[in-house]
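See below for the structure under consideration.
We did not get these values from a lab; they are worked out from the coordinates using the rules stated. Computed from a prediction, not measured in an experiment: that's the story for all the values here. Here the Cβ is made from the backbone with ideal geometry for all residues, glycine too, and neighbour counts use every protein chain on show.
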Amino acid sequence: MSCFMYDVMGGTVDEPDPETMRRVLAGLADADDEHPDVSLTHESGWCLGAFRGGLLVRENPDDDSVAPGRMREAAREEVLRLFGLLAAGDITSVEALPWQR
């Protein structure tokens, strides 16, 4: 499966491994109003965006029939776990969580 990440400054990382995901997520310490998040996008179009305050957003910008979901105060380890599931293409496990609409 193919995926890529955007770091907090908008740089792209193709096929990130778990350590790279951890490093990109740690970059949220440098987030500001112009660059507030990091994200991981799977080739299916599904995306997870993580923000410094713990907000995690799940969406598929290619599919208007699916409303974005939000998870507040997501712990860093949980975000890394979900990034790993999405990178592996396990969309079902990511979708099964209690996302707020």
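Observations, loosely collected:
- When the Cα positions of GLY84, ASN60, PRO16 are compared along the charge dipole of the chain, GLY84 comes out farthest toward the positive end, with charges on each C-beta of Lys, Arg, Asp and Glu.
- In a DSSP loop and with at most 13 other Cβ atoms within 10 Å, the GluC sites (Glu not before Pro) in segment 34-101 are GLU34, GLU43, GLU73.
- Based on the Stokes-Einstein relation at 37 °C and a viscosity of 0.692 mPa s, and on the Kirkwood radius from alpha carbon pairs, segment 1-96 is assigned a translational diffusion coefficient of 250 µm²/s.
- With a cut-off of 14 Å between beta carbons, the residues surrounding ASP32 carry a summed charge of -4, where Lys and Arg count +1 and Asp and Glu -1.
- Neighbourhood net charge (14 Å Cβ-Cβ; Lys/Arg +1, Asp/Glu -1) for GLY89: -4
- Only helices enter this figure: runs of n ≥ 4 DSSP H residues, each worth -39500 (n - 2.57), summed and divided by the residues of the chain, yield -7000 deg cm²/dmol at 222 nm to the nearest 500.
- Column: log10 I(q)/I(0), Debye, Cα scatterers of segment 42-101, q = 0.15, 0.25 Å⁻¹: -0.38, -1.11
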